[in-house]
Amino acid sequence: MTMDTLAFMTKLENRFGFTPEDKSILKSNADWGLEIASEMADHFYGYLGRDAEMNAILNQSEGRIHRLRETFIHWFHEMFTGIDDWGAGYSQRRWQIGVVHVKVGIGPQHIVPAMAIVVHEVGKKLKVEGKSEELQEALGRICMIDLAFIEQSYVEVSTSAILKETGWSAALFKRLVTTGAASM
């Protein structure tokens, strides 16, 4: 089961209303995004570190938290730069970030509230620094697109693993999930 990350990105851009104007606004504020990225990493990992389960994952090996912080800073800045105008490179990188979250056991119950913390703290920073509401809206949309990539990676990786282990078809699995959900 392979995901067409660019098609998924395009679908999300349409669903979230992420426009060429949003991209232009983000690009014109890319330096500012890089300036605040470390502070946002502090908020993100500060929140996650207060959870015992996440703290164990974050500090599982020597230097992991440092590497994660560096990755976060790059990720945050890339939301402003778009890597390749939010195209194939951007969507593939977002997909890989999601897969890594699955591999190391960082679940949606951790990532969603941590992302909410970042969105909240960025909003405060935008206000203090007199940045435009349009920037806040554009950043909110791309944050949610990135979060959707992470969430979708859980679905795709889990589905792929089940199909591989059981030999079931995707249609059978979908029917079983739908039937199971209906009975809950």
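The values are calculated or read from the model by the stated rules, or taken from the named source; none is laboratory data. As the structure is a computational prediction, the values presented were derived from the model and not from experiment. Here the Cβ positions follow ideal geometry from the backbone for every residue, glycine too, while neighbour counts run over all protein chains shown. Just so you know, the surface numbers come from the protein's heavy atoms only, side chains and all, with ligands and any DNA or RNA stripped out. Shrake-Rupley method; radii C 1.70, N 1.55, O 1.52, S 1.80 Å.
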The one condition in (1) open to solvent by 50 Å² or more (accessible area, probe 1.4 Å); (2) within 30 Å of Thr166 (Cα to Cα); (3) not basic (Lys, Arg) that Gly105 fails to fulfil: (1)
Residues being open to solvent by 30 Å² or more (accessible area, probe 1.4 Å) and not β-branched (Val, Ile, Thr) - total across segment 122-147: 13
Qualifying residue in segment 139-149 (condition: in contact with a Pro (Cβ under 8 Å, 6 or more places away or on another chain) and assigned to a helix (DSSP H, G or I)): no
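Residue-wise test of (1) in contact (Cβ under 8 Å) with a residue 60 or more places away in the chain; (2) under 17 Å from the mean Cα position of the chain (by Cα); (3) part of a helix (DSSP H, G or I).
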position	(1), (2), (3)
Thr10	no, yes, yes
Glu13	yes, yes, yes
Leu48	yes, yes, yes
Ser61	no, no, no
For Gln96: the one exception among (1) part of a helix (DSSP H, G or I); (2) more than 15 Å from the chain's Cα centre (by Cα); (3) under 27 Å from Pro20 (Cβ atoms); (4) free of Cβ contacts under 8 Å to residues at least 12 places away in the same chain: (2)
Scope segment 81-102; condition open to solvent by less than 60 Å² (accessible area, probe 1.4 Å) and of a type in the set (D, E, K, R); matching residues: Arg94
Residue check, Asn14 of a type in the set (S, T, N, Q) and touching a Gly at 6+ places or on another chain (Cβ under 7 Å): no
Count of segment 1-32 residues which are open to solvent by less than 60 Å² (accessible area, probe 1.4 Å) and either of a type outside the set (Lys, Arg) or out of contact with any helix residue (DSSP H, G or I) (no Cβ under 9 Å at 6 or more places or on another chain) (or both): 16
Selected residue (only one of Glu53, Glu78, Glu35 is among the acidic types (Asp, Glu), in a helix (DSSP H, G or I), open to solvent by 70 Å² or more (accessible area, probe 1.4 Å) and over 19 Å from His110 (Cα atoms)): Glu35
Test: residue in segment 62-71 that is open to solvent by less than 30 Å² (accessible area, probe 1.4 Å) and among the hydrophobic types (A, V, I, L, M, F, W, C): no
